[in-house]
Amino acid sequence: MSYLAALILGIVQGLTEFLPISSTAHVGLTARALGLPDDGMAAFTAVIQLGTLLAVLAYFARDLYEISAATLDALVHPARLKAALGLGEAAAGDPDRALKARLGLFIVLGTIPIGLCGVVLKHFIEGKARTLPVIAASLIVLAVVLFLAERLARHRRDLASVGIKDALVIGAAQALALIPGVSRSGVTLTAALFMGLRRDDAARYSFLLSVPAVLAAAIFEMKDAVRSPTLTQNGIGVILVGTAAAFVVGYASIAWLMRFLRTRTTLPFVAYRVALGAAIIGLLAGGVIHDHPAPPRHGAAAAASPAHHR
């Protein structure tokens, strides 16, 4: 792999990781266009995704710190835990701290479904699900669902109104991100919109919810990914280029999407997903590209990662 190829893949990873358009589809198609073999691409992608993970940690650093501190505080003080769960008055008259603790608890709760589904469906996700027809169908189906969320839901609620029902529904939706082409950010954003959240608050909750699952998956995967021949043969320089590009572009992508959704709808992403899905189907039907499942990924926890199944 050349430095240019690593740079291009890092840019594509950073750009599509957070937009609701599926990074699985884009990184895979880009690798094909660059003439790179599928063997080892999963390992390379696992490493450069550290860049996008660092991007979301950097962008939401203050939120994540305050949510973590408030959640830990609530767990050791029963009165504050009750306040966070709406079972008592906010401790010391601080509803903001109670809200942050509640969000922390809901993020943990919302992470459980994707972890369980990843373990149960591991072999299916790593095998038959990782095909171009599945990716194309997922792109189009979620586009239709996202369109319905835009048209039918009332986008009036903010993060302060998020309750346990919202956490369960959005968390369950995140588990669908295990299907390649669905898009983790896309499916959680769609679920949040259906629950009535404003677009920018829906995106913020989606990003915050992604952190535990992506971080846990990265920790479990890295020990196997770093031993991959693809990584050891390419050298640390190529990997650093891809990771740095993913971080810079990923950070810019988050900032842009948060601004975009304050005043605009997700309909451009709906149209793009349909167009890309239809293009993949057309190219397959015309024999221009041929489908073949991606190689199995490394590590027992690999299937639980939403970062690889967007």
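For the stretch 122-161, a tally of residues being open to solvent by 20 Å² or more (accessible area, probe 1.4 Å), under 21 Å from the mean Cα position of the chain (by Cα) and of a type in the set (Gly, Ala, Ser) returns 2.
Within the stretch 196-221, how many residues turn out to be under 20 Å from Ala255 (Cβ atoms) and in a helix (DSSP H, G or I)? Number satisfying all stated conditions: 14. When restricted to residues that are more than 18 Å from Tyr65 (Cα to Cα), at pLDDT below 80 and assigned to a helix (DSSP H, G or I), the stretch 83-113 contains 4. Pairs meeting the criteria (first residue in the stretch 194-222 and open to solvent by less than 10 Å² (accessible area, probe 1.4 Å), second residue of a type in the set (Val, Ile, Thr) and not in a helix (DSSP H, G or I), beta carbons under 9 Å, at least 6 apart or on different chains) are Leu197/Val162; Tyr205/Val162.
Residues in the stretch 162-181 that are assigned to a loop (DSSP other than H, G, I, E, B) and open to solvent by 10 Å² or more (accessible area, probe 1.4 Å) were compared, and the one that is farthest from Val145 (Cα to Cα) is Gly163.
Of all residues assigned to the stretch 77-96, none qualifies as being within 29 Å of Thr243 (Cβ to Cβ), out of contact with any Leu (no Cβ under 8 Å at 6 or more places or on another chain) and open to solvent by less than 20 Å² (accessible area, probe 1.4 Å).
Which ones in the stretch 276-290 are surrounded by 13 or more Cβ atoms within 10 Å (Cβ to Cβ) and over 18 Å from Val187 (Cα atoms)? Within the stretch 276-290, Ala278, Ala279, Ile280, Ile281, Leu283, Leu284, Ile289 meet the criteria. Counting only residues that are without any contact (Cβ under 8 Å) to a residue 12 or more places away in the chain, of a type in the set (Gly, Ala, Ser) and part of a helix (DSSP H, G or I), the stretch 273-292 holds 4 of them. Applying a threshold of 9 Å to beta carbon distances and a minimum spacing of six or more residues, or different chains, the list of pairs starting in the stretch 110-121 at a residue that is farther than 17 Å from Val169 by Cβ and open to solvent by 50 Å² or more (accessible area, probe 1.4 Å) and ending at one that is of a type outside the set (Gly, Ala, Ser) and modelled with pLDDT under 90 reads Leu121/Leu178.
The values are calculated or read from the model by the stated rules, or taken from the named source; none is laboratory data. Computed from a prediction, not measured in an experiment: that's the story for all the values here. Backbone-built Cβ (ideal geometry, glycine too); neighbour counts: all protein chains shown. The area values use the complete protein model at the heavy-atom level, side chains included, leaving out ligands, DNA and RNA. Shrake-Rupley method; radii C 1.70, N 1.55, O 1.52, S 1.80 Å.
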